[in-house]
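Asker: Next up is a structure, given as structure tokens.
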Amino acid sequence: MRRLVARRGTNALLHLALLTFGALWVYPFVWMLFSSLKTNTEYIASGIRLLPESAQWSNFSRAWRVGHFSAYFANSAIVTAATVVIVVVLSALAGYALGRVRFPGARVLLAAFTATMFIPKGYTILPVYQLIKHLGLLNTMPGVILAESSGAHVLFILLYTAHFRSLPQELEESAEIDGSGFFRTFRQIMLPLSLPIVSTTVIMQFIWTWNSFFVPLIFTLNKPELRTLAVGMFSFTGENTVDWSGMAAGASISLIPVMVVFILFQRYFINGIAGSVKG
Amino acid sequence: MSLGANEAMTVRTDASRSVVTLSRRKRTRYAWAYLFVLPQVVFFAAFTIYPIAMSYVYSFYEWSGIGPLEDSVGWSNFSELLRDPAFWNAFRNSLIYIGATAAILLPSSLLLALVLNRAVFRGKVFYRTVYFLPVVTAASTVGIVMKFIFGNENALVNGLLLKLGLLSEPVPWLGQAGTAMGVLVLVGSWKFFGMAMVYWLAGLQSLPGEAFEAARIDGAGSAQVLRYVTLPLLRPVAAVVLLLTVVNSMHVFDLVKTLTGGGPFYATETVDLYIYNYAFNTSGFPRIGYASAAGIVFGLAIFLLTLLLGWLVQASRERGERPRRAAAARGGGRE
Amino acid sequence: MNKIAFGLLSSAAAISLLLTGCSSEQTGSTASGTSSGTASGTAAADTASGSKAPVTITYWSRWPESRQAIEQTIADFEKDYPNIHVDFPDIVSSQYPAQLQAAISSNSLPDIFANSNAVPIDQLNRLGLIHNLDDVLTDERKQQFYDGTWTEGYTTLDGSVYALPHFTPRRYSHMLYYNKDVLAKAGLTENDVPKSWEDLEKVGEKIRQVGSDVYPLILGIKTDWLVTGYIGQMATAIKPEVVPNDGFNLKTGQYEFDSPGYVESVEFLKKLQDEKLLHPNSLVIDYREASSLFAAGKAAFVIDGTFLSSELQQNNKFNDFGVAPLPTKDGKPSYYAFQGETKATVHVSKNTKHYEEVKLFLNYYMDHFYVNQLKLGVEGSPIVEQNKTTQVDNPQFLQAQDIQDKAFILSPHPYTRNKAAVQVNTELNGKKPKENVGQIVEGYLAGQVTDLKGQLAQLSAGYNQALKESIDKVSRSGAKISATDYQFPNWTPFEPYTSDKYAELAK
């Protein structure tokens, strides 16, 4: 009994500490939200004061209009969804093969994938650009998606490899006895067991792609209507002019989907990473 | 996860030897395996290897990114780079940033993970979400917001410290060399904190329950359990978290660009930013070749650093393995 | 350790293997990709050309401040020429050089596009990317523009026009903006606006009385190019031989950032900082944050370019301000060198399929866009007459234009004297130090740079070295150019340097 009370005491203290620090974590976001309702001058000059003198809802409508957020929102959604699917499927397939089959060359491949995480890179956007151009996909949605999917998914491959390797051999064997082929075993038995990893990769890729700026900018030069939210945000800064409150409104708008995705998937997220760290 | 990779290297040494006696089953399995990795390999070759290779080619040219590659300059980009004090300054800043964020992040995020891992603790999901918030936010947004929070006059941090009587007059946090780097490190740690915490949490949840039971049966208090069971078992996890933190800290471009712009006077210029200034400087001519050389040299250094870390991972794995094996006597691992 | 090292090394080896094999794999993947790629590519093209009759021309601009004026112009243009549609996409101007780079390397330049320092005009021409505009800019047309507009290396190459100015070429000089409201609170009037540094300090003391968070002067030190500009302009009141545009002494033909002009001007800022007459945030903000704080009444003065008035009026909804010339040491006059450096121009792509339509648009641009922009109070027109005849209802803008006009003085330029200097500049662009005066100012105010003169001297030395190397390289390639082409002994600062002066030198 006494122990229980003591524990309650510590927990209360811990909560206090966590909430205090949590406030530090949340404050910048609150600040951004409130700032998105200020005028440009207030935004810069109001300092600590959070509340705007009068809420400028027009910032949001401006962000929506000037930043072309209505159109860009849809683009962001399409590009992000497609990229997530491509990346997750590709890395799950590769990870499955690498984790479960000791085919010749598997080691070299895995090592090569890993090494590129650390391999020194110079300036790599131009070659990718040329490549997309040769594919005839410049200024098209598939081009953007392809370029977005091109980032190193090494981390994901390693996650899947480690995960699939940790699944017991018997699973596969019994499936085989039941007459299930390689692909069916993967699809119907192994993949459903990998939900945590899938969630992890979905969340991480979602965050990256959603916030990615440079690729969608460069690959939609001649088709600005294909741009994404992250690019739209930059409509507010010009060579000699900045519209901060519009930008804050834009940032607030574009943060929402990421938050939603994270909250939806976060239950699996940690389990997914847990599986991988265990190796 | 790089644990997985290492394991793959060590465990599979015998794979190629058995190729000669391929059974039919094996052959179909191999075929399927190749089919499975093929798309990834194609992607990899096209979008990772090829651009990297091209960046090596660029590094031997004086090239603005426009027109044909024709002005081959041999190693002169590299020698110029190594002689440039600004590069070494950026290099040092990057190392400081990487080291300092790791030093702050690892213990602090572990602490929170330990708390959130307590069996009886309410609001885990809530806290997790709160502390993860900065991770999902674009770094450039974070930079812009933080610039105001760490401003001089009439800004949050100074305002708070003044009110608490810890300061007598506002400090120009971002306007002095030392404090600017400090703020950058703090903000960078703040941003990645949630991720590191999740890694730790995951690691904690992967620890074998048997070890803790055994300790409790032996009558160990929670402090003792932490000291003699949890922490030693966490060692390999620590190595992974460290590795991931370092990889993350290597690329701070968006944050530095928006928060300090590399200033004041290069005090927070990282290699990322140095490269950017050569590849995209608007006031002059882009020097793609030179920027590539800088990327390569810095990458090489980090590569070496990674080797060192890899060694740490391995070493702590070997040390961590013993208590774990002892605890999980029946052994959960395959093979 | 060994295992890991081996693993990583073997992976490195694997990569080199992959690298050598990648060219073949490369073509493989490209080939397999093209089938699907072209399928969707042609599909897209089909829909684009589906409604064939009207012509679309695309225009890339990098000046957000001009957006409204351009949109207005395009709307009118499309009304007058219903079969032509002008596509005017949003451009992220901070990424414009990268964008241009990508467009050039993929051969997808739009019909009309803004220039960029990253790709100088002579390089564009050498790559065969820009269209000759001589038939748009006839001699008659050319005469309407300011003297010196058609300068080799900026708008023309070998006497042919390749670029159309976007703003007045006499842009931008620096000036002092004052917040009337703050002045009134300090019991001051517009007559008290400082003309000299001493005045500024004196007035500053009074302004400090207004409130603890109100300062006389605020600057956005993070915007280094602007700092470089006004320090340079202030410096001309002390040593006018060094032109403010690039810190070049046109008498000696050497860069001279360590001239007393620069050193004293920077030290003056330091003094203001020490006396708490400079807003303490100045060090950590950029110029747009500075001007917003100015608009919010946190400072009485801000130094900025001509383009600030429209920024204050439109983005900050602030109109209670006035404009005055830059204060200088002892109140002596300062100037900005007009050397025909038309920094903001538009080019036409050589590959444009609709040159006739482009021509129509460019003519419309000159007749209407310049005027629209002027009326909106954004920037003056490159055409002299338009500036005189257009009714502009914007006192601050007119005030700023007037000050700017007086600040600009036609000064010598090596380009005009020797065309090979254009090539030298292209070389120099890649070689010159990345550092600039603005950054050194930041370092000095932040306390990292202690030896100001030494640091500036080092910068000059770096520039001079780069210039020497560039001249050498160009003259080795056969062009006749030497260091003396950069010296103008018959130039008197503050006196217009006209073409007869060049002729005099040539003798």
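Asker: Holding the Cα-Cα limit at 18 Å, pick out from C:276/C:317; B:163/C:270; A:223/C:350; C:239/C:453; C:202/C:271 the pairs that are longer than that.
Answerer: Values: C:276/C:317 28 Å; B:163/C:270 29 Å; A:223/C:350 21 Å; C:239/C:453 15 Å; C:202/C:271 13 Å.
Beyond 18 Å: C:276/C:317; B:163/C:270; A:223/C:350.
Asker: Between 0 and 90 degrees, rounded to the nearest ten: what's the tilt of helix C:67-80 against the longest Cα principal axis of chain C?
Answerer: Taking the Cα atoms of chain C, the angle to C:67-80 is about 50 degrees.
Asker: Which of the chymotrypsin sites (Phe, Trp or Tyr not before Pro) across region A:54-142 are loop residues per DSSP, with 14 or fewer other Cβ within 10 Å?
Answerer: Answer in residue order: A:57.
Asker: I'd like to compare B:265-277, C:280-292, B:63-75: which one has the highest average count of other Cβ atoms within 10 Å, and what's the full order after that? Numbers along the way, then the final one.
Answerer: Values: B:265-277: 23.8, C:280-292: 25.5, B:63-75: 15.8.
Highest to lowest by the protection proxy: C:280-292, B:265-277, B:63-75.
Asker: Same structure, new question: I'd like to know how region A:67-278 sits against the 2.2 N^0.38 Å rule of thumb: what's its Cα Rg over that expected value?
Answerer: On the way: Rg = 19.7 Å, N = 212, 2.2 N^0.38 = 16.8 Å.
That works out to 1.17 for region A:67-278.
Asker: Whole-Hz Karplus ³J(HN,Hα) for region B:133-138, in order, using 6.51 cos²θ - 1.76 cosθ + 1.60 and θ = phi - 60°, x for Gly and Pro?
Answerer: 3, x, 5, 7, 8, 4
Asker: Another one. Can you give me the three principal axis dimensions of the protein assembly as shown from its C-alpha atoms, in Å, biggest first?
Answerer: Sorted from largest, the Cα extents of the protein assembly as shown read 96, 69, 55 Å.
Asker: Net charge within 15 Å of residue A:181 by Cβ-Cβ distance, Lys/Arg positive one each and Asp/Glu negative one each, not counting residue A:181 itself? Walk me through the intermediate numbers first.
Answerer: Details: positive: A:100, A:184, A:187, B:24, B:25, B:26, B:27, B:29; negative: A:172, A:173, A:176, A:178.
For residues surrounding residue A:181, the net value is +4.
Asker: Specify the inter-centroid distance of region C:427-452 and region A:76-142, based on alpha-carbon positions, in whole Å.
Answerer: Cα centroid of region C:427-452 versus Cα centroid of region A:76-142: 41 Å apart.
Asker: Would you mind giving the mean number of other chain beta-carbons within 10 Å of the Cβ of each residue in A:36-44, as a whole number? Display every interim value, and only then the final one.
Answerer: Details: counts 0, 0, 0, 7, 10, 13, 3, 4, 15.
Whole-number average of other-chain Cβ neighbours for A:36-44 is 6.
Asker: Let me ask you something else. Hey, got the average number of other protein chain Cβ atoms within 10 angstrom for residues in B:294-307? Don't skip to the end; give the middle numbers.
Answerer: On the way: counts 3, 5, 5, 2, 3, 5, 3, 1, 3, 7, 2, 1, 6, 7.
Taking the mean over all residues of the peptide, I get 4.
Asker: Just want the ordering: B:146, B:250, from fewest to most Cβ atoms lying within 10 Å of their own Cβ.
Answerer: Details: B:146 28, B:250 20.
By the 10 Å Cβ count, ascending: B:250, B:146.
Asker: Further question: Quote the charge dipole size of the protein assembly as shown about the Cα centre in Debye, to the nearest 20; the model charges only the Cβ of Lys and Arg (+1) and of Asp and Glu (-1).
Answerer: Working: 94 positive and 89 negative charges, 1144 e Å.
The dipole magnitude comes to about 5500 debye.
Asker: Please list the non-local residues whose amide H lies under 5 Å from the amide H of residue C:56, H modeled 1.01 Å from N, same-chain partners needing a gap of 5 or more.
Answerer: C:85
Asker: Right, here's the next one. Go through region C:375-427 and name the chymotrypsin sites (Phe, Trp or Tyr not before Pro) that are in a DSSP coil and have 15 or fewer other Cβ atoms within 10 Å of their Cβ.
Answerer: none
Asker: What is chain B by shape, rounded, prolate or oblate, if you read a ≥ b ≥ c off the alpha carbon gyration tensor as root eigenvalues and call it rounded for a/c under 1.5, prolate for a/b larger than b/c, and oblate otherwise?
Answerer: Values: a/c = 2.39, a/b = 1.12, b/c = 2.14.
Judged from the Cα gyration tensor, chain B comes out oblate (a/c at least 1.5, b/c at or above a/b).
Asker: To make sure I understand, if each residue's beta carbon is the centre and we count other beta carbons within 10 Å, what order do C:364, C:177 fall in, fewest to most?
Answerer: Working: C:364 18, C:177 24.
Listing C:364, C:177 from fewest to most nearby Cβ atoms yields C:364, C:177.
Asker: Which ³J(HN,Hα) values, rounded to whole Hz and listed in residue order, are derived for region A:204-218 from phi using the Karplus coefficients 6.51, -1.76 and 1.60 in 6.51 cos²θ - 1.76 cosθ + 1.60 with θ = phi - 60°, glycine and proline given as x?
Answerer: Values per residue, Gly and Pro as x: 5, 5, 4, 4, 4, 5, 4, 8, 5, 10, 5, 4, x, 5, 5 Hz.
Asker: Next question. Given the C-alpha centroids of region B:86-126 and region C:100-171, what is the distance between them in whole angstrom?
Answerer: Taking the Cα centre of region C:100-171 as reference, the centre of region B:86-126 is 52 Å away.
Asker: Would you calculate the volume per residue, in Å³, of the smallest convex hull containing every Cα atom of region C:157-248?
Answerer: On the way: hull volume 14.1 nm³, N = 92.
Hull volume normalised by residue count: 153 Å³.
Asker: In whole Hz and in residue order, list the ³J(HN,Hα) couplings for region C:388-395 that follow from phi through the Karplus curve 6.51 cos²θ - 1.76 cosθ + 1.60, θ = phi - 60°; x for Gly and Pro.
Answerer: So the Karplus estimates, Gly and Pro as x, are 7, 8, 6, 7, 10, 9, 7, x Hz.
Asker: Straight-line reach from residue C:359: which aspartates and glutamates fall under 17 Å, measuring Cα to Cα and dropping same-chain residues less than 8 apart?
Answerer: Output for residue C:359: C:76, C:78, C:80, C:87, C:111, C:134, C:135, C:139, C:140, C:367.
Asker: Find which of A:196, A:212, A:161 sits farthest along the positive direction of the dipole of region A:138-227, computed with +1 on the beta-carbon of Lys and Arg, -1 on that of Asp and Glu, about the Cα centre.
Answerer: In region A:138-227, that residue is A:212.
Asker: Rounded to the nearest 5, what % of the DSSP beta bridges within chain C are antiparallel ones?
Answerer: 60 percent
Asker: On to the next question. Taking amide H atoms as placed 1.01 Å from N in the peptide plane, list the residues 5 or more away in sequence, or in a different chain, whose amide H sits under 5 Å from that of residue C:336.
Answerer: Correct list: C:408, C:409.
Asker: R0 = 41 Å: FRET efficiency of residue B:88 with residue A:17, Cβ-based, nearest 0.05?
Answerer: Details: r = 41 Å, r/R0 = 1.01.
According to the calculation, E is roughly 0.50.
Asker: Go through C:230, C:284, C:295 and say which Cα lies farthest out towards the positive end of the charge dipole of region C:213-326; charges sit on Cβ, +1 for Lys and Arg, -1 for Asp and Glu.
Answerer: The residue sitting farthest along the positive end of the dipole is C:295.
Asker: Taking H placed 1.01 Å from N in the peptide plane, check which residues at least 5 places from residue C:130 or on another chain put their amide H under 5 Å from its amide H.
Answerer: Under 5 Å from the amide H of residue C:130: C:350.
Asker: Counting only C-alpha contacts under 8 Å and six or more residues apart, can you give the relative contact order of chain C as a whole percent? Intermediate results must be reported in sequence, preceding the final value.
Answerer: Numbers: 809 pairs, mean separation 104.9, N = 507.
Reported as a whole number, the value is 21 percent.
Asker: For B:312, C:374, what ranking results if the residue with the fewest other Cβ atoms within 10 Å of its Cβ goes first? Please report the intermediate quantities before stating the final value.
Answerer: On the way: B:312 18, C:374 24.
Placing the least packed residue first, the sequence is B:312, C:374.
Asker: Quick check on the protein assembly as shown: helices-only [θ] at 222 nm, where DSSP H runs of length 4 and up contribute -39,500 (n - 2.57) each and the sum goes over total residues. Nearest 500, please.
Answerer: Numbers: 48 runs with 666 residues, N = 1121.
That comes out to -19000 deg cm²/dmol.
Where a number appears in this text, it was derived from the coordinates with a stated rule and is not lab data. The structure presented is a predicted model; accordingly, all values stated were derived computationally and were not measured. Here Cβ is always computed from backbone atoms with ideal geometry, including for glycine, and neighbour counts include all displayed protein chains.
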